[in-house]
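**Q** My questions will all concern the structure given below.
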Amino acid sequence: IAAVVAEVRPTVGFTGHVSTDIPIGAGLSSSAALEVATALALGFEGTSDELAQLCRRAEHAASGVPCGIMDQLVIAAAVRDHALLIDCHTLERTPVPIPSDAEIVVQFIAHRTLEGSPYADRVAQCAAAEALIGPLRLATPETAAAIADPVVRARALHVAAENQRVLSFVDALRAGDLPTAGALMVQSHDSLRDLYQCSTTAMDAA
């Protein structure tokens, strides 16, 4: 909150109280949601792009975690009853209707935090991959597979395949093909576990 205040620099402040029924550290982008809500409560009046960028700067300053802009942008630019396809480089986004017969279930599995996690290591490993083959947003599994270092190669393979899965997931949603969408989500988790190595035993079991 203090970091958002430092970014917004409101001329008038207030005393308030924050409460939530979301478990702290539940992995629901609650820190990004709190950043966006705080900026709006302080009178921020810019675009959703500007709001997301401001909140990302605040999170960087407050936590030291080199997070991307996905969480802040999805929250700032959300469209009711839609998923949001976003390009984190251009900030272009496309609302994708969620089929009316889809049931979204949120399951609490375990507390987690990005601080003290290997998150920054993964960012550095992806940067190392990009230094070799160019932007991962444009990479294919074939170009990623050419990287010699096995760890950097695994990270790049995950990102390249995941980007393709996202586009396939959008196609499945638009077609109302929920079984295919679900299968793609399972593939995403398997890749996070095996190539990005950011899963846990509890996550795998869930």
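**Q** Given the residues Leu167, Leu138, which is the only one that is at pLDDT 95 or above, within 28 Å of Pro97 (Cα to Cα), out of contact with any helix residue (DSSP H, G or I) (no Cβ under 8 Å at 6 or more places or on another chain) and open to solvent by 70 Å² or more (accessible area, probe 1.4 Å)? Before you say what the answer is, go through the steps one by one.
**A** Working: Leu138 fails: at pLDDT 95 or above.
Residue meeting the stated conditions: Leu167.
**Q** Output the residues belonging to region 1-28 that are closer than 19 Å to Leu73 by Cα, without any contact (Cβ under 8 Å) to a residue 40 or more places away in the chain and open to solvent by less than 100 Å² (accessible area, probe 1.4 Å).
**A** Within region 1-28, Val5 is the sole residue that qualifies.
**Q** Can you name the helices (runs of 4 or more DSSP H) wholly within region 15-112 that have at least 3 residues being farther than 27 Å from Ala127 by Cα? Break it down stepwise before answering.
**A** Details: elements: 30-41, 48-63, 70-76.
Once the helices (runs of 4 or more DSSP H) in region 15-112 are filtered for at least 3 residues that are farther than 27 Å from Ala127 by Cα, what remains is 30-41.
**Q** Right, here's the next one. So in region 151-164, with the set limited to residues that are farther than 18 Å from Tyr119 by Cα and open to solvent by 50 Å² or more (accessible area, probe 1.4 Å), which one is nearest to the chain's Cα centre (by Cα)?
**A** Only one residue fits best here, namely Asn163.
**Q** Right, here's the next one. Has region 106-129 got any residue that is modelled with pLDDT of 90 or more, open to solvent by less than 40 Å² (accessible area, probe 1.4 Å) and more than 28 Å from Ile147 (Cβ to Cβ)?
**A** The answer is no; no qualifying residue exists.
Per-residue answers, yes or no, for (1) of a type in the set (A, V, I, L, M); (2) modelled with pLDDT under 95; (3) over 21 Å from the mean Cα position of the chain (by Cα):
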position: Ala6; (1), (2), (3): yes, no, yes
position: Ser19; (1), (2), (3): no, yes, yes
position: Ser29; (1), (2), (3): no, yes, no
position: Cys67; (1), (2), (3): no, yes, no
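**Q** So, one more: Taking interchain pairs and intrachain pairs at least six residues apart, which have beta carbon atoms under 9 angstrom, with the first residue in region 38-53 and of a type in the set (A, V, I, L, M) and the second open to solvent by 70 Å² or more (accessible area, probe 1.4 Å) and at pLDDT 95 or above?
**A** Leu42/Arg9; Leu51/Leu40
**Q** Exactly one condition in (1) more than 23 Å from Phe169 (Cα to Cα); (2) polar (S, T, N, Q); (3) part of a strand (DSSP E or B) is not met by Gln125; state its number.
**A** It fails just one condition, (3).
**Q** Of the residues that make up region 174-184, is at least one within 22 Å of Cys88 (Cα to Cα), at pLDDT 95 or above, touching a helix residue (DSSP H, G or I) at 6+ places or on another chain (Cβ under 9 Å) and open to solvent by 70 Å² or more (accessible area, probe 1.4 Å)?
**A** No, region 174-184 contains no residue that is within 22 Å of Cys88 (Cα to Cα), at pLDDT 95 or above, touching a helix residue (DSSP H, G or I) at 6+ places or on another chain (Cβ under 9 Å) and open to solvent by 70 Å² or more (accessible area, probe 1.4 Å).
**Q** Sticking with this one: Any residue at all in region 29-45 that's surrounded by fewer than 15 Cβ atoms within 10 Å (Cβ to Cβ) and under 30 Å from Gly176 (Cα atoms)?
**A** Within region 29-45, not a single residue is surrounded by fewer than 15 Cβ atoms within 10 Å (Cβ to Cβ) and under 30 Å from Gly176 (Cα atoms).
The values are calculated or read from the model by the stated rules, or taken from the named source; none is laboratory data. Note that the coordinates shown come from a computational prediction; the quantities given were computed from them, not determined experimentally. A quick note on method: Cβ atoms are made from the backbone with ideal geometry, for glycine too, and the neighbour counts reach across all protein chains shown. The protein model used for the area step is the full one, side chains on, heavy atoms only, and it has no ligands, DNA or RNA in it. Shrake-Rupley method; radii C 1.70, N 1.55, O 1.52, S 1.80 Å.
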